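**Q** Encoded as structure tokens, here's the structure I'll be asking about.
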Amino acid sequence: MSFYTRVCIYLVLFLSIIAEGADAYPSNIRFERISIQDGLSQSSTNHIIQDKKGFLWFGTQDGLNRYDGYQFTVFRHDPMDSTSISDNFILNVRGGLFLFNSLIEDQSGNLWIATSNGLNRFDMETSVFHSYYHDPDDPHSISSNNPLHIYEDRQGMIWIKTISTDGVQLGIDRFDPKTEKFFRYRHDPDDSTSLVSDRTRLLCEDRDGNLWIGSNNGLCRYNRETDNFVCFVADSSDAGSVSSNDVLKILSDSGGRLWVGTMGGGLNLFHKDTQSFSAYRADPDDPNSLGGDSITNLYEDRSGNLWIGTADNGLSKFDPTTGKFTNYRHDPNDPNSIGDTAVLTMYEDQSGFLWIVVSHPGTLTGVDMLDPKTEKFTRFRYDPDNQFSLSSNFIISLYEDRSGVMWIGTGGAGVNKFSPSKEKFKRYEEDAGNPKGLGTYMIWSFFENDADVAWVGTAFGLYRFNRETEEFTGYFHDPQDSTTLGSNFIRDILQDQMGVLWVASNNNGLDRFNYLTGEIAHFRRIPGDSTSLSFNSISNLAKDSYDTLWVATNRGLSKYHSSTRTFTNYRHIPSDSTSLSSSSISVTYADRKGDLWVGSVSGLNKFNRETGHFKRYMSNPDDPTSLSHNNILCIYEDKAGNFWVGTWGGLNLLDRETGKFIPYTTRDGLPNDSIYNLSEDGHGNIWLMTNKGISCFDPAALTFRNYDVNDGLQSDEFNHGACYRNRRGEIYMGGVNGFNIFHPDSIKDDLNIPQISLTDFKVLNKSVRADPSSPHSILKKDITFSDQIVLDYKDRIFTFEFAALHFASPGKNQYAYMMEGFDLDWIYTDAKRRYATYTNLNGGDYVFRVKASNNDGVWDEEGIAVKVTVIPPFWKRGWFYFLEIISVLLLIAGLFLYQKKRYQEQMELRRKSDEIELAREVQLSMLPRKSISTDRIEVVGKMITATEVGGDYYDFIELPSHQINPNDSPGMNRLRYCIVAGDATGHGMAAGLFVGMVKMTSMYAIQAIRYQSKLNRLISDLNAAMMMSLTQRGMGMCLAISIIDLNKMVVELCSAGMPYPYHYRQVTKELIPLIMKGPPLGFFRKIDPQMTRAELDHDDVLIFLSDGFEERFNMEDDMWGEDRLERELLSICQKERSPDAIAERLISSCNNFAGGRPNNDDMTIVVARIR
């Protein structure tokens, strides 16, 4: 909603208020105090204004404060920031008997601030201060760094009154916002068109656009065309001149008249046709003349009356139609007169009341309020015993915001706030210091027997209340005087058909009080007398259609017989279900049918007059149509015949035909479930008192409207039974801090629509500051002025904070927000949660909307909106989606080609695997099929390959007979054995095939050689044959051949590059390496391998190993090595005799060392044991 639309709405509201007339505020209005504990930067509030957005600004002696009703934003000088305010001290110098403006908002929405060190212009869109300082070398700079007063004319020029550091006034400066230049105006004795004096006062622009400047030496009018002044000074010889040169106040009224207030010269009216003045002076002999000649303030109200404040004679009102003055002077003996002699400031609020800051010479004495209807003043002063009084009498600023809240700034005691909309209910509180005031705070009952007289029952006496004079007269119990009331604790009051009051006490029975004669008759419980009152503690009185008086006590119900002055008593009888459900009676009520209803602490009872029996209505947890609670507090039948029962557990509507109840509790909108009493207004609404304020229930709409202490109630807590409706429809309600009187029709909603504003914007929980100069800044304007925000996807968590700038009762303002494009509906919240947080929004355009209601539920349905654009990451943008589609298509094609290639590779792998498996089968078939085990020798071989086809090879055979020595005996023919171990370079299929070739060649050669052939010759021949047949270089083989001759018990060995074998001698328990040197086969054309020979004994062991054992690594890349191998092998041979066990133990030890790391080379072992 635009600012100008709001202005029109406010104007309509003002006119409606004027048309209706102002309703009087209560004399005991409550001020809310706002101090540094609430966030105010300093306690002296020198100036208060409200900007176009609705924020309140407080100028203090330690910073500029912006207030949104919940929290303060404080602007202070920062020496390291040239865009901060120039000084923390916001001026509001009191010049004699008037105040200067140190804080204004110009037509462009800039804030101008006068400080003790420079003039400031605050750009609210960027939150940047532009400071203006005096420069001696620049004639177009401001005259001084001590500006006192700021004024903007209708052309947008800023006028500044300044003073030098030593207190010399320096005339006036004009600032041109277009050129950013200051133009100085000074008094020049030689120039009659200059200012008449440098000691200027306030400025005023008349309806014709003329700017008038008052001074201590006359009045000046600025000529814009010639840029000089026409001056008017007092001239005793000229009756048409101004009456005094000491001009304090200037006012241009709605009729175009210019009024000039002077010190000692009275009031002047300027006649523009004759360019002359007529003076109004005080005349002691004329009561219709001006009240005093020293004018401190001029103010025009909305009715066109001119109000004149004087320095020592109070207040005057001038009626332009009659030309007469009405004077209001201070009378020490009249509390309804103006509170002091001097008037400093005046302001008419939206309700038509005139607020006046008054003073006594040398002392500020507080604020007065004038009721225009009664012409009575109400004085507001600081009271140390009243937390709701003004916080100080030192008043230095007065301001009314657009919602009608009055703000009063003090010197040293913070800000006072008065909200007329919170004074919906007229309130009467304890006034112990006033002999004609209410002497207590605890209220229990009411009765009104005359239009102007009401009776109030309290915990400390009975009071007669004169409605017209608002004076209380007390009646109290005197233990020494039996003609006084029986007790001060009055629970109920009732008047009989004779006009006599019956007064029920909480602890001393019943009194019949003839207030006209003062006669009092006492009724008490008399032990042993069954016709006396059932008990002295009474909670309620009721009169039925037969004018019978019923008395509810804590021990039964008593029926009074006026003819005999006796009572019939009814009590609870446990054995009689037709008796009362409880003897503790809280309330009695006679409906329009004549039935008597009795509420107790244990259920509701209906009395049958014919039988004397009671029908009970009880709460049943298993029956939702039963009473919501057994403790009955009140009963009421409304005009529509609805029967209401208030309990400790909510409100109940009884269908008297069916006996069923409909309950209403806090779940349905009640503020509290304790219904102390209720009454009906003229529109059928039910007003209920609770432990948490009062509620207006609309039975047709089934809605509750709740009110609390912030609406002017005496307290949120009320007392049982303290409710009464008089013949005029006014309702009395009493509680723990006094009582309220109101007519339901007078309870009006505050129709001021709240201005809603964003107060902060956070990204990742950090406030974002506007920086229009930075291309990377999220906010180019302050969030309050932003209508569009662009976010990067990295700004994944952001928060809007907001406030309804309606200050009557901010805690009761309500809010609703939604992010269009994300939220499906409005999200409603209260003043405690004035923010909305969003996380991980998808890229796109959104609109954030927020609206609010005031404390009376009046909504600004339009609210405000901010466009939010979230830039998605590149992978979520259109071009990237296009690339994704292309990529997917390419991926599909690639997958197809990949699958095709993979299929071909799998087929090739399968082919190779089949070949490798075949080669493996071939390799394994080359190894011995079984071990050798005879009565002379046992040979075992094992191989652990690193791949499917290993490069290691071993074999052992028994030599044929043609290799036997012919000289040996026939029994020795088959005792020679050959053991071969080899290791081809590389692994896999190639190595395996190469091993197969070497095996066939070597074994053929071994079987072919004669007895006398040497092993080294055999290996040399194998190398020569290999060199001739191998075409692939790099292929070779290590080979060791040994011949065991058991006839001679010797072994001969020859090795070509193989690790040397070991000989374990059983006799000595030694492990002896059989060292031989020689290069591998297939690398050199001619080799000469070494041979060795060892003698054997029974139980000796020969061990042949490949390098796979010695070069085995563990997880820490440690190699097993020769030393570990030999130690482990020696240990095993010493413990084991079986070649198979020796081989298995060594393999196991090697694997244990590796710790699960696979072997990266073939491991081959052949073990031969001589038996």
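**Q** Ranked by Cβ crowding within 10 angstrom, fewest neighbours first, how are 428, 299, 133 ordered?
**A** On the way: 428 24, 299 21, 133 13.
Ascending number of Cβ neighbours within 10 Å: 133, 299, 428.
**Q** Just to confirm my numbers, what's the Cα centroid distance between region 716-758 and region 37-71 in Å?
**A** Using only Cα atoms to place each centre, the spacing works out to 31 Å.
**Q** Next question, about the same structure. Size of the dipole of the chain about the Cα centre, Lys and Arg at +1 and Asp and Glu at -1 on the beta carbon, nothing else charged, in debye to 20? Walk me through the numbers on the way to the answer.
**A** Values: 117 positive and 154 negative charges, 955 e Å.
Roughly 4580 debye, rounded to the nearest 20.
**Q** With a cap of 12 neighbouring Cβ atoms within 10 Å, and only residues DSSP puts in a loop, list the chymotrypsin sites (Phe, Trp or Tyr not before Pro) found in region 718-759. Display every interim value, and only then the final one.
**A** Details: sites: 718, 724, 732, 739, 742; in loops: none.
Filter output for region 718-759: empty list.
**Q** Also, I was wondering about something else. Can you give me the long-range amide H partners of residue 458? Hydrogens built in the peptide plane at 1.01 Å from N, cutoff under 5 Å, separation of 5 or more residues or another chain.
**A** Result for residue 458 returns 444, 463, 490.
**Q** Further question on the same structure: Sort 183-196, 140-153 by packing, meaning the average of other beta carbons within 10 Å per residue, with the highest value first. It would help to have the intermediate numbers written out before the result.
**A** Working: 183-196: 14.9, 140-153: 21.1.
The most tightly packed comes first, giving 140-153, 183-196.
**Q** With a 10 Å radius around each residue's Cβ, average the other Cβ atoms per peptide and rank 264-270, 415-421, 234-240, highest first.
**A** Details: 264-270: 21.7, 415-421: 23.4, 234-240: 11.1.
Descending packing order for the listed peptides: 415-421, 264-270, 234-240.
**Q** By counting other Cβ atoms within 10 Å of each Cβ, how are 1049, 157 ranked from fewest to most?
**A** Details: 1049 16, 157 19.
The most exposed by this proxy come first: 1049, 157.
**Q** Can you compute 3J(HN,Hα) from phi for each residue in region 400-413, using the Karplus curve 6.51 cos²θ - 1.76 cosθ + 1.60 with θ = phi - 60°, rounded to whole Hz and x for Gly and Pro?
**A** Those phi angles translate into 10, 7, 6, 8, x, 7, 9, 10, 10, x, 10, x, x, 9 Hz.
**Q** Here is a follow-up. When Lys and Arg each count +1 and Asp and Glu each count -1, what net charge do the other residues less than 13 Å away from residue 494, Cβ to Cβ, add up to? Before the final figure, lay out each step's value.
**A** Values: positive: 491, 512, 543; negative: 448, 492, 496, 511, 544, 547.
Around residue 494, the surrounding residues sum to -3.
**Q** Follow-up. In whole angstrom, note down how far apart the Cα centers of region 331-402 and region 772-795 are.
**A** Computed from Cα coordinates, the inter-centre distance equals 47 Å.
**Q** For the chain, with the dipole built from +1 on Lys and Arg beta-carbon atoms and -1 on Asp and Glu ones, taken about the Cα centre, which of 522, 1091, 945 lies farthest toward the positive end?
**A** Toward the positive end, the furthest listed residue is 1091.
**Q** May I ask which residue of 147, 793, 279 lies farthest towards the positive end of the charge dipole of the chain, with charges of +1 (Lys, Arg) and -1 (Asp, Glu) on Cβ and the Cα centre as origin?
**A** Projecting each Cα onto the dipole axis, the largest value belongs to 793.
**Q** Once both axes come from the Cα atoms, what is the angle between helix 1015-1029 and the longest principal axis of the chain, in degrees from 0 to 90, rounded to 10?
**A** Taking the Cα atoms of the chain, the angle to 1015-1029 is about 70 degrees.
**Q** Which Cα, out of 439, 1075, 240, lies furthest along the positive dipole direction of the chain (beta carbon charges, K/R +1, D/E -1)?
**A** 1075
**Q** How would 346, 1035 line up from fewest to most surrounding beta-carbon atoms within 10 angstrom? Don't skip to the answer; put the middle values down first.
**A** Values: 346 23, 1035 19.
The fewest-first ordering by Cβ neighbours comes to 1035, 346.
**Q** Please give me, ordered by residue number, the GluC sites (Glu not before Pro) of region 1029-1129 that lie in loop per DSSP and have at most 10 other Cβ atoms within 10 Å.
**A** Numbers: sites: 1052, 1070, 1095, 1110, 1111, 1116, 1122, 1126, 1128; in loops: 1111, 1116.
Listed in order of number, the matching sites are 1116.
**Q** Separate question: Calculate how steeply helix 1139-1154 sits against the longest principal axis of the alpha-carbon atoms of the chain, using the helix alpha-carbon long axis, and give the answer as 0 to 90 degrees to the nearest 10.
**A** Tilt relative to the chain: about 30 degrees.
**Q** Out of region 1082-1158, which trypsin sites (Lys or Arg not before Pro) are coil in DSSP terms and have no more than 16 other C-beta atoms within 10 Å?
**A** Details: sites: 1085, 1086, 1093, 1112, 1124, 1127, 1135, 1137, 1145; in loops: 1085, 1086, 1112, 1137.
Loop-located and lightly packed - 1085, 1086, 1137.
**Q** Another question about this same structure. For the Cα atoms of the chain, what angle does the longest principal axis make with the long axis of helix 1121-1135, in degrees from 0 to 90, nearest 10?
**A** So the inclination is approximately 70 degrees.
Every number in this text was worked out from the coordinates using simple rules, so none of it is lab data. Treat the numbers as computed from the prediction; the structure is a model and nothing was measured. Here the Cβ is made from the backbone with ideal geometry for all residues, glycine too, and neighbour counts use every protein chain on show.
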